[in-house]
Amino acid sequence: MKIPINVEEMMDNNIVTLNGDTSVTDAMEEMHGAGVWSVVVTMDGEPQGVVTERDLLRRCFRSKQDPDRVRLREIMSFPLVTVDRNISIGSALNLLLVDEIRRVYVVNDEGEIFGRVTQTGCLESTLSFFLSLQSISEQI
């Protein structure tokens, strides 16, 4: 088993990007169809924020707003937190856990988003790493 060293090796690359003028209803359909829990929101073609299922519940449905009328730009969390693809797992864990950020988006050398790392994914990769080390030590 290959042990991931940086976030590029453990990121999820199923990223959905939607315009800030997209309705909550349309966003929910896109999220469901792609099997994701969040979407990157763009304004004028540039990534600006993120909307998660939690945002939909807390900022639209709990306040009983009409999901056909609410636009993603109205409920998105911003600024969008991005990291370089070469950032270490330790640095990513620090950002995710200490700074209490649930997800960060991975950018390539041109600054384009091409992946996502979540608290859960980072912890799973770290656990897998330690289990691999344990297995190696048991064989010695």
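The values are calculated or read from the model by the stated rules, or taken from the named source; none is laboratory data. Predicted model, so just to flag it, every value in this text is computed and none were measured. Don't worry about glycine lacking a Cβ; one is built from the backbone with ideal geometry, like all the others, and counts go over all protein chains shown.
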(request) Exactly one condition in (1) assigned to a helix (DSSP H, G or I); (2) of a type in the set (S, T, Y); (3) loosely packed, with under 11 Cβ neighbours inside 10 Å is not met by S125; state its number. (result) (3)
(request) Please tell me if V81 is buried (at least 19 other Cβ atoms within 10 Å of the Cβ), in contact with a strand residue (DSSP E or B) (Cβ under 7 Å, 6 or more places away or on another chain) and among the β-branched types (V, I, T). (result) no
(message) So in the range 11-31, with the set limited to residues that are of a type in the set (A, V, I, L, M) and either surrounded by fewer than 15 Cβ atoms within 10 Å (Cβ to Cβ) or at pLDDT 95 or above (or both), which one is nearest to N86 (Cα to Cα)?
(response) I15
(request) Would you check if there is a residue in the range 42-63 being touching a residue at least 60 places away in the same chain (Cβ under 8 Å), closer than 25 Å to L96 by Cα, out of contact with any helix residue (DSSP H, G or I) (no Cβ under 8 Å at 6 or more places or on another chain) and not in a helix (DSSP H, G or I)? (result) yes
(request) Could you run through the range 35-67 and say how many residues are loosely packed, with under 12 Cβ neighbours inside 10 Å and hydrophobic (A, V, I, L, M, F, W, C)? (result) 1
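Kindly establish whether E8 is of a type in the set (D, E), buried (at least 18 other Cβ atoms within 10 Å of the Cβ), touching a residue at least 12 places away in the same chain (Cβ under 8 Å) and in a helix (DSSP H, G or I).
It is true that E8 is of a type in the set (D, E), buried (at least 18 other Cβ atoms within 10 Å of the Cβ), touching a residue at least 12 places away in the same chain (Cβ under 8 Å) and in a helix (DSSP H, G or I).
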